[in-house]
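**Student:** One structure, pasted below without further comment.
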């Protein structure tokens, strides 16, 4: 939750003794509920969910024209019913009952979800192109094959064989490499540049397709890499969605870090994130 700090208030309040729910006829107060969450290790997650919801609601309230047309809500509900494979209204009603929802409450949930998606789209649109441009070098991919060996002397020997005839790489990988991808001729498949550690990353940046890199020592092993193909990142599909989710999550984390929160119920000690 970033740098957020949550403090407990030591004065007892009247609401502390108000039953929050019952278990086997035993009344559980809000204070007891929070204590159970703390002891079970779920308190911070519980608070984070509440604070995220608070941030989203306040942000949506500040937006102009945030109302959702009723036709859009009913369309979203129909799509949900189809995806959930509810065959008739009774199945849908049973699902709502099991989740403690009335139809009106479910409509409100759906409407809020649509508002959140609209807000998310606005936040992402403001930064997506910039973030992609700044990170493109890390998001570009390269198709690599590798041979991993225990001894440098053996790696030097295999290197010479490949330099004499690069078409031998797959056969040599199957015969000598000590990793499981030897069964695929050492093929690693597409790898993001950002996932490559140094000095391999710098070597791949400078290499051309078909170049042999290595032997490179990585964690006590000696590695040979064959550069198969370079694949520039394109802002679409799964990558676009991934970056969008990251931008939105970073925005939320920045908001969370600025919140000052006090619990207006009695706790035994201070709670810090």
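The values are calculated or read from the model by the stated rules, or taken from the named source; none is laboratory data. Quick caveat, the model's predicted, so the values are computed rather than measured. Cβ sites come from the backbone with ideal geometry, for glycine too, and all protein chains shown count toward neighbours.
**Student:** Of the residues 243, 224, only one is in contact with a helix residue (DSSP H, G or I) (Cβ under 7 Å, 6 or more places away or on another chain) and modelled with pLDDT of 95 or more; which?
**Tutor:** 243
**Student:** Additional query: Looking at the stretch 93-104, is at least one residue in the same structural domain as residue 253 (by TED's automatic domain parsing), in contact (Cβ under 8 Å) with a residue 12 or more places away in the chain and surrounded by 10 or more Cβ atoms within 10 Å (Cβ to Cβ)?
**Tutor:** Within the stretch 93-104 (the criterion being in the same structural domain as residue 253 (by TED's automatic domain parsing), in contact (Cβ under 8 Å) with a residue 12 or more places away in the chain and surrounded by 10 or more Cβ atoms within 10 Å (Cβ to Cβ)), the answer is no, since none of the residues qualifies.
**Student:** Here is a list of conditions, (1) within 30 Å of residue 251 (Cα to Cα); (2) surrounded by 12 or more Cβ atoms within 10 Å (Cβ to Cβ), and residue 79 meets all of them except one; can you say which number that is?
**Tutor:** Every listed condition holds for residue 79 apart from (2).
**Student:** Output the residues belonging to the stretch 105-150 that are without any contact (Cβ under 8 Å) to a residue 12 or more places away in the chain and closer than 30 Å to residue 203 by Cβ.
**Tutor:** Within the stretch 105-150, 130, 133, 134 meet the criteria.
A quick yes/no check of all residues on (1) under 30 Å from residue 179 (Cα atoms); (2) touching a helix residue (DSSP H, G or I) at 6+ places or on another chain (Cβ under 7 Å):
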site: 64; (1), (2): no, no
site: 68; (1), (2): no, yes
site: 72; (1), (2): no, yes
site: 104; (1), (2): no, no
site: 107; (1), (2): no, yes
site: 120; (1), (2): no, yes
site: 129; (1), (2): no, no
site: 148; (1), (2): yes, no
site: 156; (1), (2): yes, no
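**Student:** Say we look at the stretch 183-197 and pick out the residues that are in contact (Cβ under 8 Å) with a residue 12 or more places away in the chain and closer than 18 Å to residue 150 by Cα; which of these is surrounded by the fewest Cβ atoms within 10 Å (Cβ to Cβ)?
**Tutor:** Here the residue is 185.
**Student:** I've got another one for you. Can you tell me which of 226, 243, 200 is within 30 Å of residue 117 (Cα to Cα) and surrounded by 13 or more Cβ atoms within 10 Å (Cβ to Cβ)?
**Tutor:** 243
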